[in-house]
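Everything below concerns the one structure shown next.
None of the figures in this text is laboratory data; all of them are computed from the coordinates on show. Here the structure is a predicted model, which means the values were calculated and not measured. No Cβ is skipped: glycine too gets one built from the backbone with ideal geometry, and neighbour counts run over all protein chains shown.
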Amino acid sequence: MTEPEVEDQAAGGAIDTLRRRETPEGVEITLRLAGPVPRALAFGIDLAIRGGVYLALTPLAGLAGIGTGLLLLALFLLEWLYPVFFELHRGATPGKRAMGLLVVHADGTPVAPSASLLRNLLRGVDFLPVLYGVGLVACLVDRDFRRLGDLAAGTLVIHREPPLPATLPAHPPLPPPVPLDLATQQAVLAFAERSPRLSPARRAELAALAGFDTRATADADPAATLLGVANWISRGKSAVDTPPAAATAPQAAPAGASTAASTAAGERAP
Amino acid sequence: MRQQVFEATHAGTWRRLETLLAALEARRPPGPAVPVQRLPRLLRAVSGHYAIARARGYSPGLVSRLHTLVRRGYRQLYRPRPHWPRLLVDFAARGFPQALRRHAGLFWLASALFFGPMLAMGLACAADPTLIHSLLDGEQVAQYESMYDPTNDKPGRTPARQADEDVKMFGFYVWNNVGIALRTFAWGLLAGAGSGFVLVMNGLVIGAVAGHLTQLGFGTPFWSFVSGHSSLELTGIAVAGTAGLLLGSALLAPGRRTRSAALRVRAAEAVPLVLGAMALLVLAAVVEAFWSATAGVPPAVKYGVGAAGWLLVGAYLLLAGRGTAAPDKHDPWQRAAAQPGRVQQAQSQRPRQAHATGARPWT
């Protein structure tokens, strides 16, 4: 089956903080690299957490020898193995999770013990001479924002998934005035999906840029015309007949029908 | 197929994958009711839907929802799941000594950088009582002298620390010594110079203290204190230095790789060395805190234990794991080394899956 090459927004070829990787399933996923600023903020949060844990443990020092010994052990673990523990169990430290970051191998899989140990032990050199000086320079020089520890371990720090975009708002479908190519169709769809979050003035401004001839339609508002075209593209004429609830929420489809459909698509439940 | 029909047809599959992923991503491991065995099939199906949605130009919202599902599924399916007990036993029984023997040359170099200055400085300080002051200031010298004063009940501790409990010293030795070893390793990234510097400096200080105290006549308390843990601690530092030099060698002599590729490979090889050094130093801290300072043990017994320690450490590093195969190259410790090659290949040639897994450049 020959399918046309599509420049779509999901893969965003032009944006230079996106990295494409092919999964063994044969599809391409996109990793969104995290720059120095969110990472520095994440480090700040982690520092605060570590400091808090250490302060909470200081009453141990009251237990004379044993308490001091345990306190020093805790200090050692917090200093060196805190990031390793959280990266192996949760994918990232609490600070990174709070910033929506994730540590992965170069191919996008979660980090394994060897790589996690390496990138965190080498913090010792990234931290030189003060406050991640070396790490920051490496981060800014490298096109993947990797500090030295990441370079040696072959890891990346990426953003987790962005919040899911809104679904297409329902509107009576309108046929496009002229046949649209795939890229234009996608632009129209993207506009329709974003339109609930745009101010009316901005919506009208963007819709006017599309330059559709709206005289033929009953609806003279260009934004509404675009919404109609978007519904026509994605739902076809039949959208008029379907109740809007089912049209906007495919999850509400009857369970029996969807099972049959997915079985037909090749996915078999064991 | 219109997008709406497509969505209606496959929504059930997407919802099942979504539910399964939510269970897998939860903090607690999934219970028996979660159908984890469905993950590969579901992910394959949804990957197909994602590819179709992109190729047909369905709305960006749908494409990015599917993309998110695929990314989450990919992370769950290909997450490394190390089997810790087997991994650690394997590491202790053969992984560490085999890794060290693979880099025997660098180990001897690190040992020379460490023990050479130690020996020279020890002999010099034994001959010249003032020489130690060129290295340590008066306060430090006085502290070492008071630690090993023969009138001390517990050698190896300053009089102020006499009452301290062994656990406290254990915590201190771990925090201080293992921290030094880890820094020795990390600073190896500075073309090996950082590791070399730490090795030489530590060698000089240890040698100076040993020579100085012997010359003062404090030899018996000093040597009986250090003999017990010396084998573990000195070897541990030398091993940490080896790991650091291995990192540095990637920049100085990358061989037939680019420097960054050599760094990734050798850094992954250095991991067992660092872990081994950490283990040796933690063991050394146990011995140092709970055995070396015990009073009332005749020095001859302590010397005997020390000699036995050297024999055991030497035999372990020389013999353990000899004749057995190196640990499985697919084991999770080594994944980091395997990653870049695989990804580069996937990027440059876009091979089919069977081809990629058949000719994966592991080495």
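General remarks:
- Taking amide hydrogens as placed 1.01 Å from N in the peptide plane, the amide H of A:ARG160 sits under 5 Å from those of A:LEU101, A:LEU102, each at least 5 positions away in sequence or on another chain.
- Over chain B - Rg/Rh using Cα atoms and the Kirkwood inverse-distance radius: 1.14
- On the beta carbon distance between A:ASP221 and A:VAL37, with R0 = 45 Å, the FRET formula returns roughly 0.65.
- Between the Cα long axis of helix B:39-55 and the first principal axis of chain B there is an angle of about 60°, rounded to the nearest 10.
- Rel. contact order, % - alpha carbon contacts under 8 angstrom, at least six apart, the stretch A:36-159: 24 percent
- Mean residue ellipticity, 222 nm, helices only, chain B: the sum of -39500 (n - 2.57) across DSSP H runs of n ≥ 4, divided by residue count and rounded to 500, is -23000 deg cm²/dmol.
- Note, ³J(HN,Hα) from phi for the stretch B:195-203, Karplus 6.51, -1.76, 1.60, rounded to Hz, x at Gly and Pro: 5, x, 4, 4, 4, 5, 5, 5, x
- Look at where the Cα atoms of the stretch A:61-97 and of the stretch B:189-229 average out, and the two centres are 29 Å apart.
- Counting only other chain Cβ atoms within 10 Å of each residue's Cβ, the peptide A:28-40 averages 2.
- Computed from label points 7 Å out along Cα-Cβ, the spacing between B:GLU139 and A:LEU131 is 2.8 nm.
- Alpha carbon convex hull of the stretch A:15-68, volume per residue in cubic angstrom: 125 Å³
- In a reduced charge model with +1 at each Lys and Arg Cβ and -1 at each Asp and Glu Cβ, the stretch B:3-79 shows a dipole moment near 240 debye about its Cα centre.
- A simple spin-label model places pseudo-atoms 7 Å from Cα toward Cβ; at B:VAL5 and B:VAL286 they are separated by 7.0 nm.
- Here the simple spin-label model places points 7 Å from the Cα toward Cβ, and for A:LEU47 and B:ALA300 these points are separated by 5.8 nm.
- Within 10 Å of the Cβ of each residue in A:87-97, the mean number of Cβ atoms contributed by other protein chains is 1.
- Highest mean packing comes first when the peptides A:140-151, B:202-213, B:131-142 are listed by Cβ atoms within 10 Å, giving B:202-213, A:140-151, B:131-142.
- Choice from B:ARG264, B:ARG56, B:ARG79 showing the highest fluctuation, given a GNM over chain B with Cα pairs closer than 10 Å: B:ARG56
- Charges were assigned to the Cβ only: +1 to each Lys and Arg, -1 to each Asp and Glu. The resulting dipole of chain B about its Cα centre is roughly 3520 debye.
- ³J(HN,Hα) computed for each position of the stretch A:79-89 - Karplus, 6.51 cos²θ - 1.76 cosθ + 1.60, integer Hz, glycine/proline x: 6, 10, 10, 4, x, 4, 4, 6, 5, 6, 8
- When you restrict to C-alpha pairs under 8 Å that are six or more residues apart and normalise by the size of chain B, the relative contact order lands at 20 percent.
- Phi angles of the stretch B:108-120 translate, via the Karplus equation with coefficients 6.51, -1.76, 1.60 and θ = phi - 60°, into HN-Hα couplings of 5, 5, 4, 5, 5, 5, 8, 7, x, x, 4, 5, 4 Hz per residue; Gly and Pro are given as x.
- Lys, Arg +1 and Asp, Glu -1 on Cβ, resulting dipole of the stretch A:3-142 about Cα centre, debye, nearest 20: 800 debye
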